[in-house]
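Enquirer: Mind having a look at this structure? Questions to follow.
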Amino acid sequence: MTLKLGVPSKGRLMEKTFDWFGARGVRLSRSGSEREYAARVEGAEGLELVLLSAGEIPRELGAGRIHLGVTGSDLVREALAGWDRRVAEVERLGFGHADLVIAVPRCWIDVDTLDDLDAAAAAFRAAHGHRLRIATKYHRLVREFLRDHGVADYLLVDSQGATEGTVKNETAEAVADITSTGETLRANHLKILSDGLVHQSQATLFRARMADWDDAARATLRALTARLGVADATD
Amino acid sequence: MTLAPDRLTAAETARLMARFEAAGAVPVDAPMLLPAETLLDLYGEDIRGRAYVTRDPVAGELMLRPDFTVPVVQMHMASGAEPARYAYAGTVFRMQEAGSDRPNEYAQVGFELFDGGDAAAAEAEVFALFSDMLAPLDLRAATGDMGLLMAAVGGLRTSAARKAALLRHVWRPRRFRALLDRFCGRTPVPEARAALLARVAAGEDVMVDAGPVIGLRGADEIARRVAALAADAAEPPIAPRERALLDDLMAIEETAPNALEHLRDLAVDLPAIRPAVERMAARIEALRARGVNVDALDFEASFGRTALEYYDGFVFGFYVPGRPDLPPVATGGRYDAVTRVLGGGRAIPAVGGVIRPALTAELGGTA
């Protein structure tokens, strides 16, 4: 049977993924017209390329509908509960770097650590009658991080875009968002807590533990990992 | 875990309910869908990781009931008179950690006692009832008392702000310890805070280069906390002797009478815990009077600090010896603090507990 490899269907993440595989002798490309999501593989036997939105790859990996997939490690950790039981990291690809961080207004001169955030949240709740709101789209990652660090009296509010603007718009008091340079945060008068790094994400090649790993699929994976020069990650 | 067949669980549930009713409880029911807001206000955002959330277009966010405590307390506060005893049975829903084989929905049978009279007698009544009912199963009982640690914190020779911060985290042991280490001077003041306080001490305008004030948290709130930080920095550390007494207290794990002796010794140096120690002594006597073998009853001073339910006094649990893989068969305790939050400041002394009938049925049944 063919081994299904899920790769982001557009943008820089797709191009960088194609480059990464190409540099290792496996040429991935889109075939057909610009609008058609068909793809071609050269240099690896038995490998089928499946183009998917980066956000859907974790779900497909988790369900085992694809054998391998390239996506951000943040997306896998957020989308899959108990992610490391359902997928294995084959290789970190060294691009698509982004940090999920907790940031607060720069004018909060009294808040630099999670300890401060927790204390400020307690005072905020007493003063305003509701919990301190943190805008994010990474609910699971942020909640687990704050729970592990014993932060209380906060409320996660969903923000699927323009998260950095929520504080100015007074729909949240703080944010938990992805940043690579911190430029957007700074432009919106926000600062990162000194111990507020939730997850350092990068594009990663994952293997689905739940996929159908018959002998042929295993053999294809062995040949592919040898070609790519990465560790054979079969269980 | 293999679950007892539903039929056995149902029969066991009926037996347990009959025992609770024979003990004077009025059977009550509760909705399965609860307003999420109430539970979130009580337990915080962490509950989202433990309870199932769903949405209603009109009622907003709802939770599949993670326990009966909240609806029973609300029902009692709306209409009940003291003393009151309630019994209930039904399914509760708890999300489990990935990889856990514990069920995410299971039956619970519970008993709640609202009584503003003799606290020791109320606690002994509930514990003795559970102990009697579970006696055929040869379980290990563990008890504790959150009131001791809370009283000890209240008696520390330090600022009210520090005590309040510690009490707020009494149910989060890791954060509690980190705060305690800071207040004892065991961990250094974070760099950014030290720099800020140095500027404040030098009389600088610390807001001058802080950028625009954005968001709902105003400049006045920021200034108040800066002042609080400066006051805290001027506060002397909690004395090592006091810290040692607190560590000693939290580490107590002995039989109830030995723990009581140990606590009476500690109370010589920690007089603030005396009333709580005397309440424990009264409870032990009340338990003895009800026929509980207190000489063999385990007492652990830190028991109850990580439970979902915010117990704030006597706590207990019943466990299958040698089976740490199984959840507790029964748990319970005093939760006056929960009633205070739900009652908007009006607290009702409350003690209660729950049993897992599927587990007791599997262990051979209580009758």
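Read-outs throughout are calculated quantities, based only on the coordinates presented, and are distinct from any laboratory measurement. Everything numeric here is computed off the predicted structure, so don't read it as measured data. Reconstructed Cβ throughout: ideal geometry from the backbone, glycine too, with neighbour counts over all protein chains shown.
Enquirer: Which three numbers, in whole Å and largest first, are the semi-axes of the equivalent ellipsoid of the protein assembly as shown derived from its Cα gyration tensor as √(5λ)? Numbers along the way, then the final one.
Expert: Working: eigenvalues 454, 243, 95 Å².
After scaling each eigenvalue by five and taking roots: 48, 35, 22 Å.
Enquirer: Rounded, prolate or oblate for region B:218-367? Axes are the square roots of the Cα gyration tensor eigenvalues, ordered a ≥ b ≥ c, and the cut-off for rounded is a/c under 1.5. Could you put the intermediate results ahead of the total?
Expert: Numbers: a/c = 2.18, a/b = 1.52, b/c = 1.43.
Verdict is prolate for region B:218-367.
Enquirer: Quick one: pull the percentage of alpha-carbon pairs in region B:159-238 with a separation above 14 Å.
Expert: For region B:159-238, the fraction of Cα-Cα distances above 14 Å is 69 percent.
Enquirer: Mind sorting A:CYS107, B:CYS184 by how few other Cβ atoms lie within 10 Å of their own Cβ, fewest first?
Expert: Values: A:CYS107 21, B:CYS184 16.
In increasing order of surrounding Cβ atoms, one gets B:CYS184, A:CYS107.
Enquirer: Quick one: check the C-alpha center-to-center distance for region A:107-186 versus region A:193-235, whole angstrom.
Expert: What the calculation gives is 33 Å, centre to centre.
Enquirer: Right, something else. Find the percent of Cα-Cα distances in chain B that exceed 26 Å, and round it to a whole number.
Expert: 58
Enquirer: If you scale each eigenvalue of the Cα gyration tensor by 5 and take the root, what three semi-axes come out for region A:98-201, rounded to whole angstrom and sorted largest first?
Expert: Taking √(5λ) for each Cα gyration eigenvalue gives 18, 15, 13 Å.
Enquirer: Shifting gears a bit: Write down the percent of antiparallel bridges among all DSSP beta bridges whose residues are both part of the protein assembly as shown, to the nearest 5.
Expert: Of all bridge pairs located within the protein assembly as shown, approximately 75 percent are antiparallel.
Enquirer: Efficiency by 1/(1 + (r/R0)^6): what FRET value for B:ASP220 and B:ALA59, r their Cβ-Cβ distance, R0 = 35 Å, to the nearest 0.05? Please report the intermediate quantities before stating the final value.
Expert: Values: r = 36 Å, r/R0 = 1.03.
FRET efficiency, B:ASP220 to B:ALA59: 0.45.
Enquirer: Further, regarding this structure: Using the 10 angstrom Cβ neighbour count as an exposure proxy, how do B:LEU270, A:LEU117 rank, fewest first?
Expert: The most exposed by this proxy come first: B:LEU270, A:LEU117.
Enquirer: Right, something else. Rounded to the nearest 0.05, what FRET efficiency do B:ARG323 and B:GLN96 give with R0 = 22 Å and r taken as the Cβ-Cβ distance? Could you check?
Expert: Values: r = 17 Å, r/R0 = 0.79.
Result of the calculation: an efficiency of 0.80.
Enquirer: Here's something else I'd like to know. Give me the distance in nm between label points sitting 7 Å out from Cα along the Cα-to-Cβ direction at A:ARG218 and A:ALA162, one decimal.
Expert: Result for the modelled spin labels: 5.3 nm.
Enquirer: Calculate the FRET efficiency for B:VAL213 and A:SER194 from the Cβ-Cβ distance with a Förster distance of 22 Å, rounded to the nearest 0.05. Write out the running numbers ahead of the final one.
Expert: Working: r = 21 Å, r/R0 = 0.96.
The computed FRET efficiency comes out at 0.55.
Enquirer: Next question. Starting from region A:66-151, pick out the chymotrypsin sites (Phe, Trp or Tyr not before Pro) whose DSSP state is loop and whose Cβ has at most 12 other Cβ atoms within 10 Å.
Expert: Answer by residue number: there is no such site.
Enquirer: Right, something else. Rank-order A:172-178, B:298-304 by packing density, defined as the average count of other C-beta atoms within 10 Å over each peptide's residues, highest first.
Expert: A:172-178, B:298-304
Enquirer: Additional query: Suppose we look only past 24 Å in the calculated P(r) of region B:3-95. What percent of the Cα-Cα pairs does that tail hold?
Expert: Considering region B:3-95, 33 percent of its Cα-Cα pairs are separated by more than 24 Å.
Enquirer: Within 10 Å of each Cβ in B:216-228, how many Cβ atoms from other chains are there, averaged over the peptide? Write down the numbers at each step before the final one.
Expert: Numbers: counts 12, 17, 3, 1, 1, 7, 7, 2, 3, 9, 2, 1, 3.
Going residue by residue through B:216-228 and averaging, the value is 5.
Enquirer: Continuing with the same structure: Can you grab the distance from the C-alpha centre of region B:217-242 to the C-alpha centre of region B:74-113, Å, no decimals?
Expert: Measuring centre to centre over Cα atoms gives 40 Å.
Enquirer: Sticking with this one: For peptide B:203-212, compute the average count of partner chain beta-carbon atoms within 10 Å of each residue's beta-carbon.
Expert: 3
Enquirer: Compare the Cα positions of B:GLY155, B:ALA361, B:MET95 along the charge dipole of chain B (+1 at Cβ of Lys, Arg; -1 at Cβ of Asp, Glu; about the Cα centre) and return the one farthest towards the positive end.
Expert: Among B:GLY155, B:ALA361, B:MET95, the one farthest towards the positive end of the dipole of chain B is B:GLY155.
Enquirer: Next question, about the same structure. Provide a whole-number value for the mean count of partner chain Cβ atoms within 10 Å of the Cβ atoms in peptide A:110-123.
Expert: 5
Enquirer: Most exposed first by the Cβ proxy, i.e. fewest other Cβ within 10 Å, how do A:ARG106, A:ARG209 rank?
Expert: Starting with the residue having the fewest Cβ neighbours, the order is A:ARG209, A:ARG106.
Enquirer: Next question, about the same structure. Testing the spin-label approximation: label points 7 Å from Cα along Cα→Cβ at B:ARG186 and B:ALA161. State their distance in nm.
Expert: Inter-label distance under the simple model: 2.3 nm.
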